Amino acid sequence: MPLQFFNTYSREIEELEPRDPTARPIRMYTCGPTIYSRAHIGNFRAYIFEDLLQRHLELRGYKVHRVMNITDVEDKTIRGAREAGVPLQKFTEQFKEAFFEDAHTLRIKRADEYPAATDQRYIDGMIEMISVLISKGLAYQADDESVYFRINKFPDYGKLAHFDLTQLQSTGRVKHDEYDKEHIGDFALWKAWDEADGDVKWDSPWGPGRPGWHIECSAMSMALLGDQIDIHCGGVDNIFPHHEAEIAQSEGVTGKKFVRYWLHCAHLLVDGQKMAKSLGNFYTVPDVLAKGYTRRELRYALLRVHYRVPLNFTWEGMNEARESLARIDEWLARLRQIAKDPTPNAQRPTTDFEDALDDDLNISAALGFLFESIRETNRAMDQNKMDAASASDWLDWWKRINTVLDLEAETDVAIPDDVTQLAEERENARREKNWKRSDELRDRISSLGWEVRDTKDGPKLTRGARPV
């Protein structure tokens, strides 16, 4: 099956055809964090989807040049710096560092570049783009001294979000970075300085001010990936107005199709509700790890559902992630043992996992095949129908697909001596059939953040969650 993805622009599944198929490069732009606070797990659901996409493209032989922007100047970062009473750069730097720390924790591959909107190089590019748009009659300086894009001069405006502008009432101009279709209007390209901006300003032909959020991504993308790119990703909340504005600005300047494929990730919910601090269900990566879960368990929980389906995050789901990874770990341990000890018969892996991901990155189907393979190969091992060559083939297959999943167990997690001692006492209690004592020791082990699993090869200790 050829690689194919759902293109938000066409609302259809389309076969992947890169701009330059001979060299097989994929130019990919992914909307990164707005660093006014620490990114939450909903943000990282999107970043893990993009990570999965890049890894699968590379598995299929493509070279990927990925750029992820860092939005360090816009309405929320300026407001946050003002309320904190610190310079903008000092305010945003802490959240930038936290983003990279959390991305590393979740094993997300680094992009090739992380351009920051405040870099003078990109500010100059934004000013140049705005000047071109003004010269073409697509933008104008209003009486508030800010510069706006004329949406009624760009016939394709609204096509990404599938809005019919004739059915929407324009509000005139919109200076805020974020708004909905009920407040549609000419959007800000350059915002004239006012007192609320403090010392955040740059000189421009239209007076001191700062860029609008939307022009930032267009300028950074074009500077690093050229006028046209293959894939642009983000969350569904980016479709309008942000990505719609990016298309208008970029194509307004170049006259060329900006993006071939638009891929958008659905929202993350928590216990079926929108995540919000007021509801007490707002979680960052450290919040989840503080409950005793591991980084690979959180990675698994955030990647296991197809990217276009809303993901409902629950603590039960985190426990299911732990159980799923334990199954993988036990399966790998058995394969590795058999690979050292030849036995008759054979069973070979197929390409069903990769084929599922070829179909619009269908991770749910791919994981379904993985666990079906685990069931079948465990059955073969139980019946002594797995030989060393087959076990090695399956381990090689795991190594291949794990370049996409990156779910290998941590090898440097030391089990505390007191936990080991309790596990030994529990095993003795089980031999003596003292089930009450055995259960009490299990609970004590659990209270220390570990789980004991009884397997045919004896008890196994794994990291467990603290009570939620």
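Per-structure values
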read-out: Per-bin percent of Cα-Cα distances, segment 365-422 [10 Å]; value: 18, 37, 26, 19, 0
read-out: Three-way shape call for segment 111-236 based on the alpha-carbon gyration tensor, with the a/c threshold at 1.5; value: oblate
read-out: DSSP loop trypsin sites (Lys or Arg not before Pro) with at most 10 other Cβ within 10 Å excluded, longest remaining stretch of the chain; value: 12-255
read-out: Size-normalised alpha-carbon gyration radius of segment 325-458, reference 2.2 N^0.38 Å; value: 1.28
read-out: Of every Cα-Cα pair in segment 218-330, the percent that sits beyond 26 Å; value: 40 percent
read-out: Straight-distance crosslink candidates among lysines, where the alpha carbon sits under 23 Å from Lys433 and sequence neighbours closer than 8 are dropped; value: Lys456, Lys460
read-out: Segment 1-129 shape via C-alpha gyration tensor axes, a/c threshold 1.5; value: prolate
read-out: Computed [θ] at 222 nm, deg cm²/dmol, the chain (DSSP H ≥ 4; -39,500 (n - 2.57); rounded to nearest 500); value: -14000 deg cm²/dmol
read-out: Cα Rg, Dmax, segment 1-50, angstrom units; value: 14.8, 42
read-out: Principal-axis tilt of helix 88-105 within the chain, Cα atoms, nearest 10 degrees; value: 30 degrees
read-out: Convex hull projection area averaged over all views, the chain, Cα basis, nm²; value: 26.2 nm²
read-out: Value of Rg to Rh for segment 315-393 (Rh from inverse mean 1/r over Cα pairs, i.e. Kirkwood); value: 1.03
read-out: The chain: angle of helix 388-405 to the longest principal axis, Cα-based, in degrees nearest 10; value: 30 degrees
read-out: Segment 418-435 - phi-based ³J(HN,Hα) in whole Hz, Karplus 6.51/-1.76/1.60, Gly and Pro as x; value: 5, 5, 4, 4, 5, 5, 5, 5, 5, 4, 5, 4, 5, 4, 7, 6, 8, 5
read-out: Mean shadow area of segment 51-199 over all directions, Cα convex hull, nm²; value: 12.0 nm²
read-out: Too-long pairs where the Cα-Cα distance tops 22 Å, listed order kept, from Lys153/Lys257; Lys136/Lys256; Lys76/Lys256; Lys76/Lys257; Lys109/Lys256; value: Lys76/Lys256; Lys76/Lys257; Lys109/Lys256
read-out: Where Rh is the Kirkwood radius over Cα pairs, Rg/Rh for segment 65-114; value: 1.05
read-out: Alpha-carbon centroids, segment 204-231 and segment 38-109: separation in whole Å; value: 18 Å
read-out: Alpha-carbon centroid distance for the pair segment 357-423 / segment 289-316, whole angstrom; value: 18 Å
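Taken together, the values in this text are just the output of simple stated rules run on the coordinates, not laboratory data. Just so you know, these numbers come straight off a predicted model, no measurement behind them. Backbone-built Cβ (ideal geometry, glycine too); neighbour counts: all protein chains shown.
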